[in-house]
Amino acid sequence: MTAAPDALVIGAGPAGLMAAEAMAAAGLRVWVAEAMPTPGRKVLMAGRSGLNLTKDEPPGAFAAAYGEAAGWLGPALAAFGPAEVMAWARGLGQDVFIGSTGRVFPVAMKASPLMRAWLARLAGRGVALRTRWRWTGFAEEALAFATPDGPVRLAPRRTILALGGASWARLGSDGAWAPWLAARGVPLAPFAPANAALAVAWSAHMAPLLGAPLKGVRLTAGDLASRGEAAITAKGLEGGGLYPLTPALRAGARLTVDLAPDLDAPALAARLGAARVSLPNRLRRALRDPARVALALEWGRPLPADPLALAHRLKALAAPAAGLRPMDEAISTAGGIRAGALDAGFGLRGLPGVWAAGEMLDWEAPTGGYLLTACLATGLHAGRAAAAA
């Protein structure tokens, strides 16, 4: 048994690091155990394409993105919402800007400068990072780790679990913790893909469009709809416009695409023109985008010749029955520790001295800054509660 610090955080993603900082600020001696060789790998990967930190919008609209979880996440998000995320980034020397849709990014447009500054600040506050420390479960009342120096057992007074969900296992989130908590009586919701791509087996004629953006469409599944952009890829359809529909697609709803959402059916029929013109030319004239034309030919056949009937088809183009891509490819996961297993500070009711934060908790939200904000907010909330215990 190794002498334990005042507080232990397992997982060095944004939730874990925020929890560690909160406890260090309270004067506790904190260790962070991370299974991977370096911390924050999922954030660094996300940061390659800009690192969407948060979304600048009113509190009610922001909270609504979390659906049924908005109620119990509310106190954490109220204490550390979009304004606080922006101030936090600036405090790390990373100025931010707000895009036209309200999404907030660091001016540097990558995660590495922010992560370097954050890790330096944590080290300055005495937080010790233990990399290649893989948690292997419980050993009676202690926590067992496989480390480069051999097995280690710790029994700290305060432990915060921030191990992520079950997607992108190669970056450290593999969900291996779930059976260990279940065996201790912690209620868990099954993992499921969130912000996931739709699996599509394209025909050969779509090959020239692979990688092309699908813009100017309206995507619908069940009661959910989105006007965002998607991308046609070798594996299917993915992107920010599709991801908000994941809950409905996961439940079995079919995806439909309105290829001309700014036109009603009669106006689109007028643009399509007479049937004597070849179908591809009619589609090109009406849709004015190669990706939309290709999708109409891929999913709409046989397309009716009558202009109005054709317009109605193009405004409700049904995707073939297909499931989501595998969970490990999803940006995030639904499921995890149920809200009923947590007290107000995200402490585990059945495990005194243990708190949880981040994607381990049973919530989901679309991309657009909501994921990172909730991870930071829940980490801070759990860290403050643990420090006060």
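May I ask you to list the residues in segment 360-383 that are of a type outside the set (Ser, Thr, Tyr) and either in contact with a Ser or Thr (Cβ under 6 Å, 6 or more places away or on another chain) or assigned by TED's automatic domain parsing to the domain that holds residue 224 (or both)?
Applying the first criterion (of a type outside the set (Ser, Thr, Tyr)) to segment 360-383 yields 360-366, 368-369, 371-372, 374-377, 379-383.
Within segment 360-383, 369, 371 qualify.
Condition check ((1) modelled with pLDDT of 95 or more; (2) over 17 Å from residue 318 (Cα atoms)) across all residues:
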site	(1), (2)
193	yes, yes
220	yes, no
228	no, yes
237	yes, no
282	no, yes
292	yes, no
For segment 91-108, does any single residue satisfy the condition of being touching a helix residue (DSSP H, G or I) at 6+ places or on another chain (Cβ under 7 Å), over 26 Å from residue 159 (Cβ atoms), of a type in the set (D, E, K, R) and assigned by TED's automatic domain parsing to the domain that holds residue 353? no
Count - residues of segment 213-269 that are touching a Pro at 6+ places or on another chain (Cβ under 9 Å) and of a type in the set (Lys, Arg): 4
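Take the residues in segment 49-61 that are under 15 Å from the mean Cα position of the chain (by Cα) and either modelled with pLDDT of 90 or more or charged (D, E, K, R) (or both); name whichever of them is surrounded by the most Cβ atoms within 10 Å (Cβ to Cβ). Spell out how you get there, then give the answer.
Narrowing segment 49-61 to residues under 15 Å from the mean Cα position of the chain (by Cα): 49-55.
Subsequent filtering for residues that are either modelled with pLDDT of 90 or more or charged (D, E, K, R) (or both) retains 51-55.
Numbers: 51: 26, 52: 21, 53: 25, 54: 30, 55: 23.
Per the criteria, the residue is 54.
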Return the residues of segment 128-158 that are farther than 21 Å from residue 24 by Cβ, assigned to a loop (DSSP other than H, G, I, E, B) and either modelled with pLDDT of 95 or more or of a type in the set (S, T, N, Q) (or both); say none if nothing qualifies. 132, 148, 149
Can you find a residue in segment 277-284 that is in a helix (DSSP H, G or I), outside the structural domain of residue 176 (by TED's automatic domain parsing) and of a type in the set (Val, Ile, Thr)? no
Could you tell me whether segment 64-77 includes any residue that is under 21 Å from residue 356 (Cα atoms), exposed (fewer than 13 other Cβ atoms within 10 Å of the Cβ), free of Cβ contacts under 8 Å to residues at least 24 places away in the same chain and of a type outside the set (Phe, Trp, Tyr)? yes
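Could you please let me know if residue 44 is modelled with pLDDT under 95, outside any loop (DSSP other than H, G, I, E, B) and either under 20 Å from residue 353 (Cα atoms) or within 19 Å of the chain's Cα centre (by Cα) (or both)? Talk me through it step by step, then tell me what you get.
Numbers: modelled with pLDDT under 95: yes; outside any loop (DSSP other than H, G, I, E, B): yes; either under 20 Å from residue 353 (Cα atoms) or within 19 Å of the chain's Cα centre (by Cα) (or both): yes.
Yes; evaluated as a whole, the condition is true for this residue.
The values are calculated or read from the model by the stated rules, or taken from the named source; none is laboratory data. Worth saying up front: this structure is predicted, and the values here are computed from it rather than measured. Methodologically, a virtual Cβ is constructed for each residue, glycine included, from the backbone with ideal geometry; neighbour enumeration extends over all protein chains shown.
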